[in-house]
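The values are calculated or read from the model by the stated rules, or taken from the named source; none is laboratory data. Quick caveat, the model's predicted, so the values are computed rather than measured. Please note: Cβ atoms are built from the backbone with ideal geometry, for glycine as well, and neighbour counts cover all protein chains shown.
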Amino acid sequence: MWADFVQLFFPRACVGCSQGLLRGERWLCSQCLRDLPLTHYHRWPDNPVYERLLGRLPIASAQALLHFRKDSITQRLLHALKYGGRPELGAFLGRVYGKMLADGPHEPWDAIVPVPLHRSRLRRRSYNQSECFARGLAEELHLPIIKTALVRDQATETQTRKDRAHRWENMQQAFAMVNGTAVAGLRILLVDDVVTTGATLEACGRQLLEAGCATLSIACIAEA
Ligand SMILES: [Zn+2]
């Protein structure tokens with residue numbers, strides 16, 4: 001029973017390659033940690049994530065920790081985080097990125113806002129993976145997390161049958177600002193798990209800007 005408990009809370013196999021972890025290793029073995037497909041976008045202001053949002057949102061900076069490829073370590077990490085019941089993995093990735101960001105020059109931020117989950121989704125999964133990532137970032141960057149400003153109104157996460165224009169339109173109405181004063185005047189780092197089309201970040205970012213945040217930056221676990 002103790003062994004089950006230990007395995008549940010301190011998994012001893014690498015999420016990347018399934019090899020046993022050595023003492024001192026958490027989540028990833030040293031080899032997989034070294035081979036992570038890092039984007040280094042935080043050192044590259046006009047990076048592809050920034051370019052993707054250019055003209056849609058006035059953002060100060062945009063960055064993502066990892067490149068996303070099918071059947072890659074990034075996919076295994078995200079899958080374990082989203083569906084494997086491993087919220088601590090998100091915080092681990094947040095700490096990895098937070099250390100990198102803290103080491104280099106970056107925009108000044110006052111607070112982190114994670115992209116919210118719809119409450120029915122949150123109930124099913126019991127945690128918000130973006131919030132877990134935010135927790136690790138917050139720890140390393142010494143920033144507070146603001147969870148009370150934005151809510152997700154619609155369960156828009158699964159809408160594969162709608163066409164692209166409809167999906168975008170739907171997404172723009174998916175979030176609501178419920179406590180604008182919490183973000184007004186602050187330099188906000190908006191955090192999500194994966195950036196694909198950018199529609200989610202655009203919708204959240206617009207709400208934050210309308211509420212009067214001073215500047216808006218973006219950080220994601222992966223760029224697809
Ligand atoms: Zn490994």
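Which ones in region 50-82 are charged (D, E, K, R) and more than 16 Å from the ligand (Cβ to nearest atom)?
Matches in region 50-82: Glu51, Arg52, Arg56, Arg69, Lys70, Lys82.
Could you tell me whether any residue of region 35-49 is within 16 Å of the ligand (Cβ to nearest atom) and of a type in the set (S, T, N, Q)?
There is no residue in region 35-49 that is within 16 Å of the ligand (Cβ to nearest atom) and of a type in the set (S, T, N, Q).
Quick check: anything in region 106-129 within 13 Å of the chain's Cα centre (by Cα), within 22 Å of Pro48 (Cβ to Cβ), in a loop (DSSP other than H, G, I, E, B) and modelled with pLDDT under 95?
no
Scan region 43-85 residue by residue and report those that are assigned to a helix (DSSP H, G or I), within 27 Å of Ala211 (Cβ to Cβ) and hydroxyl-bearing (Ser, Thr, Tyr).
Of everything in region 43-85, just one residue is assigned to a helix (DSSP H, G or I), within 27 Å of Ala211 (Cβ to Cβ) and hydroxyl-bearing (Ser, Thr, Tyr), namely Tyr50.
Checking the structure you have, find out if any residue of region 152-165 is of a type in the set (A, V, I, L, M), in a loop (DSSP other than H, G, I, E, B) and either at pLDDT 95 or above or under 25 Å from Trp109 (Cβ atoms) (or both).
Taking every residue of region 152-165 in turn, none turns out to be of a type in the set (A, V, I, L, M), in a loop (DSSP other than H, G, I, E, B) and either at pLDDT 95 or above or under 25 Å from Trp109 (Cβ atoms) (or both).
Go through region 44-94 and count every residue that is under 25 Å from Leu216 (Cβ atoms), β-branched (Val, Ile, Thr) and over 16 Å from the mean Cα position of the chain (by Cα).
1
Here are the criteria: (1) surrounded by 17 or more Cβ atoms within 10 Å (Cβ to Cβ); (2) at pLDDT 95 or above. Tell me which single one Leu57 does not satisfy.
(2)
What number goes with the only condition from (1) part of a loop (DSSP other than H, G, I, E, B); (2) at pLDDT 95 or above that Glu202 does not pass?
All conditions are met except number (1).
Just to be sure, is Ala102 among the hydrophobic types (A, V, I, L, M, F, W, C), part of a helix (DSSP H, G or I), more than 16 Å from the ligand (Cβ to nearest atom) and touching a Gly at 6+ places or on another chain (Cβ under 8 Å)?
No; evaluated as a whole, the condition is false for this residue.
Would you check which residues across region 173-187 are part of a helix (DSSP H, G or I) and surrounded by 16 or more Cβ atoms within 10 Å (Cβ to Cβ) and list them?
Ala182
Please work out which residue is nearest to Ala224 (Cα to Cα), limiting yourself to region 26-46 and to residues that are surrounded by 14 or more Cβ atoms within 10 Å (Cβ to Cβ) and aromatic (Phe, Trp, Tyr).
Taking the candidates together, the pick is Tyr41.
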